Amino acid sequence: MSRFLVGLIGGPILALTAVYIHLLLCDTVPPFRHTEYAPLNIKIRDAEGALARFARGLSYRTVSNSNKTDHIESRDAFRGLHVHITEAFPTVHHKLQLKKVADWSLLYKWPGRSSSLKPVLCISHMDVVPATSESSWTQPPFSGTRKDGYIWGRGAQDVKVTVFAMLEAVTALLEQGFQPERTLYLAFGHDEEVGGGLGAKALAAYLKGQGVQLEYVLDEGGPLLVDGLQPFIKDKAVALVGTAEKGYVSMVVQFKGKGGHSSFPPADGSQAVTQLARFLGDIYARLPAPVIVSPTLEFLQAVGMASSNPLISFVLARSASWPLKQLLATFLARQPGEVAAAVRTTVAVTGVTTHPAAGNVIPSLAAAQLNFRYLPGEEKDFAERYIQAMLPKHADVSMHMHARNEMASPVTPVNGSAFAVVHQAIQETLAGGRVVATVPFLLTGGTDSKHYGELCGGQTLRFMPLAMNRTAGDLKRIHGMDERVAEGAFLDAIRFYIRFFQLALGARQT
């Protein structure tokens, strides 16, 4: 995301100026408007206890591992975390219904008073990625150390923070006597970091088996960037709310060629490795065409509307207009990978193998694994058609698709009720004296929410109510070294979920 914005610095100004006169003649009104709400004073009754409970939760080494049968590196670590959660939140476990799914994932149900209202589902996950170079961390990665106003540890940002913030918020509302009109589900998976194939997938299957149809889903996603989006938004914080995520398709392409002894290689280019090399070169020379689709279009519009720069504001707020839309797509596609990924279906080589593999043998087989990340709206067979167009006519080549084959998610509308609720909760709890712009965007990676799409009609938002400073390097700590969260930011996350639950569930006090 940071590279996406840095890539726009300077370069597009000429392009924007070139179409400025054209846009003056247009009256394009974007579909998204920022609405401001006054901040609420939501007090955390036991702030010190909440911080301590979260810190201890980070001490459990709940690393997921796709090579294990249950995707768990240490069962003892997950058992320990489960016990801690049970002991730390007795009110939740007394009032809510708990179902363990696939042994390690947790599903909580808070029944609402009205059976006619579809439930809301909030998602998080308890697993974390491994911590490399542990001795180089400022604080041990599984210590849950509290120091200098921060809580340190793997999972502090991704994403035990939302597990504990949600449970703290539910506890606070239960203690206040709130009863939801709408049912709430909390689903905490155990293997999101390796795809959620055993955790979230089983949770979704269980809900489907119970006949549950959801109003919408809230999962992890973009953070609150307190330093804005430089250079476009300098005087506001920016809350990035994912309204869609890209698809995931992997294919293997295998070439067969002349093998033999490496001391007398063929000079006609018939080797399998030579054919594969030409094929991969063609791919990177002819990448999929760039295009701006939702939600990148709404992202540009929202950034433009929040910017204090008159030219940027005027033009980006009208980025749906021709010819600016295609000019921006072409320019963004030439920027670093993270920027270009927002405007095209991407293809990446993720592995190359040969057979036989010996130092003095020319392989007769050479294969490459290609990973495609589909834009929303991409056709299902795009990867196959794209590869077919690149293959030489008379090559001895085969290809097959991996079992994991996921289309991009539907785009949740920014003018719908789900976005309105999340936006209001952000404005009322996370501003902290700042003006906050809520900006929709496209996740280029994947989340557990993909497993629940059928249950909610694709109505999913992806937001993590955690304040981060991109300039100070907070985003680099996710999956990196010295992962940490400011204590005040964690308490604000609790406030966000308290308010979100009130708005989403129609809670009333008894």
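Only residues that are assigned to a loop (DSSP other than H, G, I, E, B) and either free of Cβ contacts under 8 Å to residues at least 12 places away in the same chain or not hydroxyl-bearing (Ser, Thr, Tyr) (or both) were counted in segment 255-291, giving 16. Given the conditions (1) at pLDDT 95 or above; (2) surrounded by fewer than 18 Cβ atoms within 10 Å (Cβ to Cβ), which single one is not true for Ser105? The one condition Ser105 does not meet is (2). When the strands (runs of 3 or more DSSP E) confined to segment 383-494 are screened for residues that are under 28 Å from Gly209 (Cβ atoms), those reaching at least 3 such residues are found at 397-406, 460-468. For first residues located in segment 468-484 and under 14 Å from Val238 (Cα atoms), partners that are at pLDDT below 95 and in a strand (DSSP E or B) and lie 6+ apart or on another chain with Cβ distances below 9 Å form the pairs Arg470/Leu229.
When we screen Pro130, Pro111, Pro180 for residues that are modelled with pLDDT of 95 or more, in the same structural domain as Ser417 (by TED's automatic domain parsing) and farther than 27 Å from Glu454 by Cα, the only hit is Pro130.
Surrounded by fewer than 20 Cβ atoms within 10 Å (Cβ to Cβ), over 18 Å from Ala302 (Cα atoms) and modelled with pLDDT of 95 or more: is that true of Gly488 in this structure? The answer is yes for Gly488. Taken together, Val439, Val352, Val397, Val422 contain a single residue that is in contact with a Leu (Cβ under 6 Å, 6 or more places away or on another chain), outside the structural domain of Phe490 (by TED's automatic domain parsing) and among the β-branched types (Val, Ile, Thr), which is Val397. Residue check: is Asp76 at negative phi, in the same structural domain as Val194 (by TED's automatic domain parsing), outside any strand (DSSP E or B) and in contact (Cβ under 8 Å) with a residue 60 or more places away in the chain? Here the answer is no, as Asp76 does not meet what is asked. The combined condition, being more than 23 Å from Tyr206 (Cα to Cα), out of contact with any Pro (no Cβ under 8 Å at 6 or more places or on another chain) and surrounded by 14 or more Cβ atoms within 10 Å (Cβ to Cβ), is fulfilled by Gly57. Whether any residue in segment 448-456 is surrounded by 14 or more Cβ atoms within 10 Å (Cβ to Cβ), in contact with a Phe, Trp or Tyr (Cβ under 8 Å, 6 or more places away or on another chain) and at pLDDT 95 or above is what I want to check. Yes, that holds for at least one residue. Applying the selection to segment 333-362, what residues are closer than 22 Å to Tyr284 by Cβ, in a loop (DSSP other than H, G, I, E, B) and in contact with a Pro (Cβ under 7 Å, 6 or more places away or on another chain)? Passing the criteria: Val343, Arg344, Thr345.
Filtering Lys43, Lys109, Lys100, Lys68 for residues that are touching a Pro at 6+ places or on another chain (Cβ under 9 Å) and not in a helix (DSSP H, G or I) leaves a single hit, Lys109. Take the conditions (1) part of a loop (DSSP other than H, G, I, E, B); (2) assigned by TED's automatic domain parsing to the domain that holds Val397; (3) of a type in the set (Ser, Thr, Tyr); Ser294 misses just one of them, which is (2).
Where strands (runs of 3 or more DSSP E) sit wholly within segment 141-230, those with at least 1 residues that are among the charged types (D, E, K, R) and within 23 Å of the chain's Cα centre (by Cα) occupy 216-225.
Would you call Val252 more than 30 Å from Gly433 (Cα to Cα), in a strand (DSSP E or B) and of a type in the set (A, V, I, L, M)? Full working, then the answer.
Numbers: more than 30 Å from Gly433 (Cα to Cα): yes; in a strand (DSSP E or B): yes; of a type in the set (A, V, I, L, M): yes.
Yes; evaluated as a whole, the condition is true for this residue.
The one condition from (1) touching a helix residue (DSSP H, G or I) at 6+ places or on another chain (Cβ under 9 Å); (2) over 30 Å from Gln97 (Cβ atoms) that Gly260 does not meet is (1).
The set of residues in segment 297-320 being farther than 23 Å from Gly416 by Cα and assigned to a loop (DSSP other than H, G, I, E, B) consists of Ser307, Ser308, Asn309. Counting the residues of segment 192-212 that are of a type outside the set (A, V, I, L, M, F, W, C) and within 23 Å of Val128 (Cα to Cα) gives 7. Right, Ala493: crowded, with 19+ Cβ neighbours inside 10 Å, more than 29 Å from Gly337 (Cβ to Cβ) and touching a Phe, Trp or Tyr at 6+ places or on another chain (Cβ under 6 Å) or not? So Ala493 does not fit the description; no. Pairing each residue of segment 413-430 that is on the phi < 0 side of the Ramachandran plot with any residue that is of a type in the set (Val, Ile, Thr) and surrounded by fewer than 22 Cβ atoms within 10 Å (Cβ to Cβ), provided the two are 6+ apart or on different chains, yields C-beta distances under 7 Å for His423/Thr35; Thr429/Ile42. The single residue among Lys234, Lys208 that is within 23 Å of Ala489 (Cβ to Cβ) and of a type in the set (Lys, Arg) turns out to be Lys234.
Please determine, by comparing only the residues of segment 85-97 that are assigned to a helix (DSSP H, G or I) and touching a helix residue (DSSP H, G or I) at 6+ places or on another chain (Cβ under 6 Å), which one is farthest from Ala50 (Cα to Cα). Residue satisfying both the conditions and the ranking: Lys95.
The values are calculated or read from the model by the stated rules, or taken from the named source; none is laboratory data. Bear in mind the structure is a predicted one, so any value in this text is a computation, not a measurement. Counting neighbours? That spans all protein chains shown, and the Cβs are built from the backbone with ideal geometry, glycine included.
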